[in-house]
Amino acid sequence: MSTSSFSSFTPSTRFAVPGRIAVSNRAAALWQTATLTEIRRETPHAATFRFAVPAWAGHLPGQHLMLRLTAEDGYTAQRHYSIASAPDDAGHIELTLDHVEGGEVSGWFHTVAKPGDEVEVRGPLSGFFAWPGDRPALLIGAGSGVVPLMSMVRHHRARELSVPLRLLVSARRPEELIYARELGTETTPVFTRSAPEGVPVGRMAAAHVASVLADQPPGGWEAYVCGSNAFAEHASRLLVEAGQPVDRIRIERFG
Amino acid sequence: MNVTRGFTGRDRVHNPGLPPGQYDAGDDWPVLSAEVTPELAPADWTFRVDGLVERPHTWDWDEAHALPPSAYEGDIHCVTSWSKFGVRFGGVSLDAFLDVVRPHGSATHAVAYSHTGYTTNLPLADLTGGRAWIAWEYDSEPLAAEHGGPARLLVPHLYFWKSAKWIAGLRLLDHDEPGFWEQNGYHARGNPWEEQRYSGD
C-alpha cells in the first residue's frame with residue numbers, strides 16, 4: 001500500500017476550511033501591550049473599550065483576540081474577545097464587552113478600568129469566522145454577538161464596498177441594542193421583549209431570514225451567525241430550513 | 001510580568017487540576033463548534049478506521065456498542081480557557097477499535113474527521129494506551145447533539161478541540177497533517193499543561 005494516497009486527505013463531507021484566509025502564526029503567539037485610550041458606553045450593560053496597540057499587525061473583520069490580565073501575585077486571567085473595530089483603524093483596536101454577572105475580566109473592565117491602563121493581547125486569532133469583504137455576507141447576531149459582525153459592517157462602509165451585506169440583529173429592547181446609533185439600512189433589528197411603537201415584539205423567525213434569502217445575490221450568501229449557543233442553534237436552524245447551504249454558515253458561539 | 005492595575009482576580013482557591021491560564025467553568029459546559037449542529041440519528045452514525053492499518057473497518061451503532069464498555073471520569077480543558085472538573089463519559093476505549101484494524105508499524109499520526117467534515121490531527125500515541133475514547137454517554141445519559149452526540153471522540157488529556165464531535169472516522173498516517181483549527185493557527189498537539197494553544201506556543 002502506498003502512503004502517498006493519504007498525503008492530501010480530504011473528508012467526503014461538505015463542511016470545509018475556507019482556503020482564502022491566511023492566519024499569521026507569529027502574531028498569534030506574541031503578547032503585546034494594549035493601552036486603554038477611551039471607554040464609550042453602548043448600552044446599560046455594554047461598553048466599548050478602545051486600545052492603542054502600536055505594533056498590531058492588522059486583522060480581518062470577524063477575527064478575535066486573546067486578552068490577559070495579571071494580578072500582583074502573578075495570577076492571570078485570559079479570555080477570547082471578538083474585535084469590534086474595522087481593520088483600517090491603524091494602531092488601534094476596539095472591543096465591546098458585556099458586563100457579565102460575576103465576570104472576573106469583564107468586571108474589571110466595567111468597574112476598574114480607565115484610560116491609561118495597560119492589558120496584554122495577542123492575535124488576531126482564527127480565520128474561520130473572518131470576512132475579508134469579498135463575498136455577499138448575511139450577518140445574524142444577538143446581544144453582544146453583534147460585535148464581530150459590526151467589524152464587518154464598519155469595514156464594508158470604510159472601504160465603500162459594493163458587495164451585498166445585510167445584518168439581522170436581535171436585542172431584548174431598543175435600549176439594549178448595541179451600536180444602535182450606527183446601524184443603517186443594511187440592518188433589520190429584532191426585539192424580543194419590547195420594541196418601539198409599531199414594531200412587532202418576538203423572537204427572530206423564519207420570515208426574517210426568508211426575506212433576505214429571497215433576495216439572493218449572484219453566488220449566494222455567506223452566512224455568519226454569532227451569539228449565545230441557544231441563539232446560534234436557533235438562527236442556524238432557521239437558515240438551514242430556509243435553504244442556506246450548511247457549508248456556507250459560519251458560527252461563533254459564546255457560552 | 002505586566003501587572004494590571006487594580007486587577008486582583010476573583011476569590012480563588014488553587015486547584016492543582018487546573019492547567020495554566022484556565023478557569024473552572026463550574027456547572028457550565030460551553031458549546032463551541034463552528035458549524036451547524038448536524039441532525040445525526042444513532043442509526044445513521046458510523047465510525048471508520050482506515051489508512052495505515054491491516055484491516056480497515058466501519059462500525060455501525062450496534063456493532064460499536066458490542067465492544068467492551070469503558071468510561072472516563074476526570075477533567076476536560078478547552079483552549080478558550082475554561083476547564084470542567086469531574087465529568088463522566090461512557091463509551092468504548094479507542095484501543096478496542098484499533099485492536100480490530102491492527103495499525104501498521106509505520107502509522108504515527110491520525111486525522112480524526114466528523115460527519116460534518118470537521119478534522120483534527122493527533123499523534124497516534126495520544127490515542128492509544130487507554131487515553132482516548134469514542135463516547136456516547138455523558139452522566140449516564142445519551143450525549144447531547146450540541147456536545148457531539150450521538151458519538152464524539154474523547155481525548156481528555158489534550159485541549160478539547162481535539163475531541164472531535166460527531167466523529168465519523170480516523171485515518172492513520174505516517175506523518176502529521178493539520179486539521180481544521182490547526183490550519184487556522186491552533187497548535188498541532190494542544191497539551192493544556194504546556195499551554196500549547198496556538199502554533200508557535
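The values are calculated or read from the model by the stated rules, or taken from the named source; none is laboratory data. Please read all numbers here as calculations on a predicted model, not as lab measurements. No Cβ is skipped: glycine too gets one built from the backbone with ideal geometry, and neighbour counts run over all protein chains shown. To get the accessible areas, we keep the full protein, side chains included, count just its heavy atoms, and leave off ligands, DNA and RNA. Shrake-Rupley method; radii C 1.70, N 1.55, O 1.52, S 1.80 Å.
Under 14 Å Cα to Cα from B:K84, which aspartates and glutamates show up? Leave out anything in the same chain fewer than 8 places away.
B:D24, B:D27, B:D28, B:E73, B:D75, B:D139
Given a 1.4 Å probe, show me the residues in the range A:87-117 buried by at least 10 Å² of accessible surface when comparing the whole protein assembly to the chain alone.
Correct list: A:G102, A:E104, A:W108, A:V112, A:K114, A:D117.
Using heavy-atom solvent-accessible surface (probe 1.4 Å) with all chains present, what is the largest-first order of B:S114, A:S82, A:S211? Provide the component values of the computation, followed by the final result.
Numbers: B:S114 0, A:S82 25, A:S211 70 Å².
Putting B:S114, A:S82, A:S211 in descending order of accessible area: A:S211, A:S82, B:S114.
Quick check on chain A: what does the Kirkwood estimate of hydrodynamic radius come out to from the alpha carbon pairs, in Å?
On the way: mean 1/r = 0.0517 Å⁻¹.
One over the average 1/r among Cα pairs gives 19.4 Å for chain A.
Given the whole protein assembly as supplied and a 1.4 Å probe, what does the accessible area of A:H92 come to in Å², nearest 10?
Roughly 50 Å² of A:H92 is accessible to a 1.4 Å probe.
Looking at the range A:54-86, which residues lose a minimum of 10 Å² of accessible area between their chain alone and all protein chains in place, measuring with a 1.4 Å probe and not counting ligands or nucleic acids?
Hits at the 10 Å² cut-off: A:M66, A:L69, A:T70, A:A71, A:E72, A:D73, A:G74, A:Y75, A:T76, A:Q78, A:R79, A:H80.
Given a 1.4 Å probe and the protein chains all in place, what does the accessible area of A:D247 round to, in Å² to the nearest 10?
60
What's the average, rounded to a whole number, of partner chain beta-carbon atoms within 10 Å of each residue's beta-carbon in A:247-254?
Working: counts 4, 0, 3, 3, 7, 2, 6, 4.
Taking all residues of A:247-254 together, the mean is 4.
I want the local charge near B:A132. Using Cβ-Cβ distances under 12 Å, sum +1 for each Lys or Arg and -1 for each Asp or Glu among the other residues.
Details: positive: B:R131, B:R152, B:K162; negative: B:D95, B:D126.
Summing Lys/Arg as +1 and Asp/Glu as -1 gives +1.
Helix-only estimate, please: 222 nm mean residue ellipticity of chain B, summing -39500 (n - 2.57) across DSSP H runs of length 4 or more and dividing by its residues, to the nearest 500.
-2000 deg cm²/dmol
So, in nm, how far is label A:T33 from label A:T185 when the simple model puts each one 7 Å beyond its Cα toward the Cβ?
Those two pseudo-labels are separated by 4.7 nm.
Between the range A:27-84 and the range B:171-193, how far is it from one alpha carbon centroid to the other, in angstrom?
27
Accessible area per residue for chain A in Å², computed with a 1.4 Å probe and the full protein assembly in place, what is it? Working shown, then result.
Numbers: 10710 Å² over 255 residues.
Per residue, chain A has an accessible area of 42 Å².
Can you pull the percent of the protein assembly as shown's accessible area that's carbon plus sulfur, 1.4 Å probe, other chains left in place?
On the way: 9410 of 18680 Å².
Its accessible area is 50 percent carbon and sulfur atoms.
Normalised by the number of residues in the range B:43-194, what is the relative contact order in percent for Cα pairs under 8 Å and 6+ residues apart?
Working: 357 pairs, mean separation 42.1, N = 152.
Once divided by the residue count of the range B:43-194, the mean separation gives 28 percent.
Determine the shielding of peptide A:213-222 by partner chains: average, over its residues, the number of Cβ atoms on other chains within 10 angstrom of each Cβ. List each step's numbers first, then the result.
Numbers: counts 0, 0, 0, 0, 0, 0, 0, 0, 0, 0.
That average works out to 0.
Under a point spin-label approximation (7 Å from Cα along Cα-to-Cβ), what is the B:D27-A:L161 distance to one decimal in nm?
4.2
Short version: what are the Cα gyration tensor semi-axes of the range B:43-194, square root of 5 times each eigenvalue, largest first, in whole Å?
21, 20, 14
Across 20 Å bins from the origin, how do the percents of Cα pairs in the protein assembly as shown run, short distances first?
The percentages, shortest bin first, are 24, 56, 20, 0.
Can you tell which of B:L98, B:C78, A:G219 lies farthest toward the positive end of the dipole of the protein assembly as shown, using +1 and -1 charges on the Cβ of basic and acidic side chains (Lys, Arg; Asp, Glu)?
Working it through, the farthest residue towards the positive pole turns out to be A:G219.
Give, ordered by residue number, each residue of the range B:31-58 whose 1.4 Å probe accessible area is reduced by a minimum of 50 Å² on adding the remaining protein chains to the chain alone.
B:V31, B:A34, B:V36
Going by Cα centres, the range A:184-242 and the range B:37-83 are how many Å apart?
Each part reduced to its Cα centre gives a spacing of 34 Å.
Counting alpha carbon pairs within less than 8 Å and at least 6 residues apart, what relative contact order, in whole percent, applies to chain A? Walk me through the numbers before you get to the answer.
Working: 482 pairs, mean separation 47.5, N = 255.
Relative contact order for chain A comes out at 19 percent.
At the nearest 100 Å², what buried accessible area, both sides summed, do you get for B and A when the probe is 1.4 Å?
About 4500 Å² of accessible surface is lost on pairing.
When ligands, DNA and RNA are left out and all protein chains stay put, how many square angstrom of accessible area per residue does the range B:43-194 have with a 1.4 Å probe? Each step should come with its number before you reach the end.
Values: 5210 Å² over 152 residues.
That works out to 34 Å² for each residue.
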